[in-house]
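The values are calculated or read from the model by the stated rules, or taken from the named source; none is laboratory data. Remember, it's a predicted structure, so these values are computed and weren't measured experimentally. With ideal geometry, Cβ positions are generated from the backbone for all residues, glycine too; neighbour counts draw on all protein chains shown.
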Amino acid sequence: MSINLMLFNELGKMCNLISSYDKTFFNTPASEIEIASFKQKNKLLLPDELEKLYQLSNGFQILGRTAVVYELKKVGARFEDIPEEYVVFGEIVGDGEKLCFNEKTGEIITAYKEKSISLFS
């Protein structure tokens, strides 16, 4: 078993453990076909990290609304205070901070009131 597959399996186990906490849930994983269909339909480049996340769970919520990743079918919302080239795929903290990715480069950022932080630079 490769290290990546082992890590993926361990993350899946962690999702199951965390789901027993208050107001935390993980949806069933998105299939490769669902992900490919989403990318083709929306003409978007999903970052590898995000694609792997959707293979673990097609959307989830942790500890109330501390962290939310939208189901694939809800990805793509545009917000006035988010740079135009970014696609929103979730929220953190519940105070308006959004999780986004650049539709051309795949860069993942958090954005809040016109300020952004790159998460994987």
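The residue of region 75-84 that is farthest from Gln61 (Cα to Cα), among those that are in contact (Cβ under 8 Å) with a residue 12 or more places away in the chain and either among the small types (Gly, Ala, Ser) or surrounded by 15 or more Cβ atoms within 10 Å (Cβ to Cβ) (or both), is Ile82. Checking each residue in region 33-50 for being in a helix (DSSP H, G or I), of a type in the set (A, V, I, L, M), under 21 Å from Asn102 (Cα atoms) and over 11 Å from the mean Cα position of the chain (by Cα) picks out Ile35, Ala36. You will find that of Ile92, Ile82, the residue that is more than 15 Å from the chain's Cα centre (by Cα), under 16 Å from Thr110 (Cβ atoms) and not acidic (Asp, Glu) is Ile82 and no other. Applying the criterion of being out of contact with any helix residue (DSSP H, G or I) (no Cβ under 6 Å at 6 or more places or on another chain) and of a type in the set (S, T, N, Q) to the residues of region 23-43, the residue that is nearest to Arg65 (Cα to Cα) is Asn27. Here Ala30 passes the criteria (1) at pLDDT 90 or above; (2) of a type in the set (A, V, I, L, M, F, W, C); (3) outside any loop (DSSP other than H, G, I, E, B); (4) over 11 Å from the mean Cα position of the chain (by Cα) except the one numbered (3). Looking across region 86-103 at every residue that is charged (D, E, K, R) and modelled with pLDDT under 85, the one that is farthest from Pro29 (Cα to Cα) is identified as Asp95.
Being closer than 23 Å to Gly96 by Cα, assigned to a helix (DSSP H, G or I) and modelled with pLDDT under 90 narrows it down to one residue among Leu53, Leu17; which is it?
Leu53
Taking region 71-84 as the range and being farther than 13 Å from Pro29 by Cα and assigned to a loop (DSSP other than H, G, I, E, B) as the test, the residues that pass are Val75, Gly76, Arg78, Phe79, Glu80, Asp81, Ile82, Pro83, Glu84.
Which of the following residues is assigned to a strand (DSSP E or B), within 16 Å of Ile108 (Cα to Cα), of a type in the set (A, V, I, L, M) and touching a residue at least 40 places away in the same chain (Cβ under 8 Å): Val68, Val87?
Details: Val68 fails: touching a residue at least 40 places away in the same chain (Cβ under 8 Å).
Just a single option satisfies the conditions, and that option is Val87.
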